[in-house]
1. When ligands, DNA and RNA are left out and all protein chains stay put, how many square angstrom of accessible area per residue does segment 1-98 have with a 1.4 Å probe?
2. With a 1.4 Å probe and every protein chain kept in, tell me what percent of the accessible surface of segment 505-619 is carbon plus sulfur.
3. Could you derive backbone 3J(HN,Hα) for segment 351-358 from the dihedral phi with the Karplus parameters 6.51, -1.76 and 1.60 (θ = phi - 60°), listing whole Hz in sequence and x where the residue is Gly or Pro?
4. Of all the accessible heavy-atom surface of segment 1-106, with the other protein chains kept in place and a 1.4 Å probe, what percent is carbon and sulfur?
5. Residue by residue, what Karplus-based ³J(HN,Hα) values in Hz, rounded to whole numbers, does segment 447-452 have, using 6.51, -1.76 and 1.60 with θ = phi - 60° and x for Gly and Pro?
6. If all Cα-Cα distances of segment 177-233 are sorted into 10 Å bins from 0 onward, what percent lands in each bin, rounded to whole numbers?
7. Where does the charge balance sit around TYR7 when Lys and Arg score +1, Asp and Glu -1, over other residues with C-beta under 14 Å from its C-beta?
8. Carbon and sulfur together cover what percent of the accessible area of segment 388-466 at a 1.4 Å probe radius?
Amino acid sequence: MADPSTYRPAPGAIPTSPGVYKFRDAHGRVIYVGKAKSLRPRLSSYFQDLAGLHPRTATMVTTAASVEWTVVGTEVEALQLEYSWIKEFDPRFNVKYRDDKSYPELAVTLDEEYPRVQVMRGAHKKGVRYFGPYGHAWAIRETVDLMLRVFPVRTCSNGVFKRARQVGRPCLLGYIGKCAAPCVGKVSADEHRALAEDFCDFMAGRTGNYLRRLEERMREAAAELEYEKAARLRDDIGALKRAMEKNAIVLADATDADLLAVAEDELEAAVQIFHVRGGRVRGQRGWVTDKVEDVDTAGLVEHALQQLYGGGESVPREVLVPALPEPAEPVREWLSGLRGSQVDLRIPQRGDKKDLMATVQRNAQQALALHKTKRASDLTTRSRALQEIADALELDSVPLRIECYDISHLQGEDVVASMVVFEDGLARKSEYRRFQIKGFEGQDDVRSMHEVIGRRFRRYLQERERTGEWAVPEPDEADAAGPAGPTRDEEGRPKRFAYPPQLLVVDGGPPQVAAAKRALDELGIDDVALCGLAKRLEEVWLPGEDDPVVLPRSSEGLYLLQRVRDEAHRFAIGYQRAKRSKRLTAGELDSVPGLGETRRQALLKHFGSLKKLRAATVDELCAVPGIGRRTAETVAAALSSRTPAAPAVNTATGEIIEDGADQATEPVAAAPQTAPSQETP
């Protein structure tokens with residue numbers, strides 16, 4: 001536990017300008033990001049007597065080892081920079097709303113020549129019109145099914161659309177009248193776009209005029225004795241009214257607004273958001289968060305607005321909240337800048353909007369109660385599991401960060417390793433890593449484990465050396481598989497292996513534990529606890545011990561170790577299978593230098609088979625679009641230097657089968673014919 005006075009800035013060194021500040025721990029990891037209208041009083045408040053601080057704030061300042069700040073011009077800039085850093089650094093002491101799903105939305109791709117109606121999730125794309133979000137995808141599909149009767153816009157994928165154009169025949173929806181079939185020219189591109197725009201207008205709430213036009217056309221058809229046409233229009237009107245009934249009118253005057261409510265207690269908070277478009281509730285979403293920082297309702301609202309609209313969500317004309325951020329004007333300016341016009345951020349005081357806000361508040365309270373019911377036992381169980389592990393292994397403190405390593409191969413081929421990370425008893429998948437064993441060939445789990453642990457902690461020591469904290473041994477040129485880049489960039493963004501675990505778990509018994517211990521000793525690492533979990537009897541082995549630690553079968557600590565071990569095994573097996581699949585499906589053209597996927601496909605498409613390609617001359621290869629003479633010579637030399645595969649034989653008749661003369665794809669290398677074997681974890 002650090003003493004805040006050891007890193008407190010000198011008096012007068014902190015500016016009084018608006019800015020954003022970061023607290024870092026002893027490893028340089030950003031653990032908290034905040035903003036302030038004036039940096040000096042805000043930062044000074046963190047360095048008062050610990051007894052006067054909120055317990056969570058006191059924990060943060062004693063975990064931190066340094067503080068730094070960045071001065072900005074305005075409070076709006078501070079708000080934007082704070083949100084960017086929270087997304088970038090993922091600080092453990094900041095409020096982060098957990099959204100357990102990506103909410104589906106109804107999207108119309110107006111950026112395409114023939115717009116398409118579909119269900120989309122995730123970030124918004126330019127040129128696409130969105131409606132929602134909805135709680136369930138089936139709710140969108142029910143609405144679309146009713147709407148397509150009146151607005152027969154295409155819903156097929158691009159592949160299906162192109163196929164229909166090629167064969168000159170529409171899909172089933174085109175035959176039953178739920179698609180205008182632009183793929184076969186039943187309507188022009190302009191006519192189809194007009195249908196899509198009418199669809200968007202209706203979904204946006206401009207329904208009255210369109211329904212009146214349909215009713216007028218129905219009456220005209222009936223007056224002219226065109227009863228079948230009148231009946232179709234009647235059914236269309238009924239379908240549209242049923243689609244409208246799914247979203248009851250809650251606000252008059254076709255109001256566009258988002259209503260946000262917060263329910264909270266001392267430890268957690270839940271946020272509920274209703275999206276009202278055209279006076280109707282078009283969607284609902286909810287988030288929950290641990291209150292890891294000392295924050296009031298206004299602060300929770302500000303964080304929720306940052307997360308909601310910072311990710312690209314469209315901003316409506318009105319945003320109604322239970323409490324205004326302090327100060328509110330920078331948030332208003334930020335929202336107005338995102339929308340491109342004035343946004344009204346306020347607390348509803350009376351009328352329908354206040355009544356609807358009460359409904360949103362009740363939903364937030366119910367969401368918090370349900371979340372606490374689900375999570376109460378989970379929190380207790382995780383805490384007990386970590387404590388049981390600490391007691392069984394005689395650790396000084398509970399292992400908040402656990403790393404587990406596993407080796408996987410198939411009969412000594414494609415040897416790989418995995419590293420999984422659990423923090424506070426939960427998987428942190430963003431920090432999983434994969435390794436290729438590079439130091440030797442063949443099957444040797446013990447030697448592989450030694451290499452992997454050495455590489456992981458050598459990278460850790462390199463980071464310590466970069467910061468001037470530790471000396472580093474000879475660098476290892478063999479690097480772990482994973483994203484490219486340094487261990488940590490100049491801003492301290494955590495990459496790869498920059499953060500050490502409190503407990504290192506290896507999948508295996510005494511040999512694997514001894515190999516991991518030897519790797520740690522060679523690097524001078526003595527502050528990381530180590531154990532191994534053997535599969536046969538689920539024994540926990542400690543380095544240098546002749547007898548294992550046997551945890552009770554009902555132990556939550558053993559169950560957590562098993563989950564960590566099984567996750568490492570799953571991750572390693574998945575990587576090993578992917579590598580093996582890639583190796584077995586590699587063709588003769590894959591290893592030709594300078595020949596990418598596009599030109600490989602062009603060659604195979606032009607010649608029809610690898611046999612004909614192998615027999616082609618350099619001039620014939622040059623005739624393929626995109627293939628120059630130098631590339632053609634390289635391909636010809638590479639194929640001529642390899643012995644063609646033996647012809648395939650039909651074992652039933654003895655007939656020799658032509659090797660791919662009629663195929664337009666590259667043959668796949670066959671797997672070696674060996675006895676069945678098990679994948680070795």
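1. Values: 4450 Å² over 98 residues.
Ligands and nucleic acids excluded, the result is 45 Å² per residue.
2. C and S fraction of accessible area: 51 percent.
3. Along segment 351-358, the couplings run x, 4, 5, 5, 5, 5, 4, 5 Hz.
4. Accessible surface attributable to carbon and sulfur in segment 1-106 totals 52 percent.
5. 5, 5, 4, 4, 5, 5
6. The distribution over segment 177-233 is 21, 34, 40, 4, given as percents.
7. Here the count lands on 0.
8. Here carbon and sulfur together make up 40 percent of the probe-accessible area.
The values are calculated or read from the model by the stated rules, or taken from the named source; none is laboratory data. What you see is a predicted model; the values in this text were computed from it and never measured. Heads up, the Cβs are rebuilt from the backbone with ideal geometry, glycines too, and the neighbour counts pull from every protein chain shown. Keep in mind that these areas ignore ligands, DNA and RNA; they rest on the heavy atoms of the full protein, side chains included. Shrake-Rupley method; radii C 1.70, N 1.55, O 1.52, S 1.80 Å.
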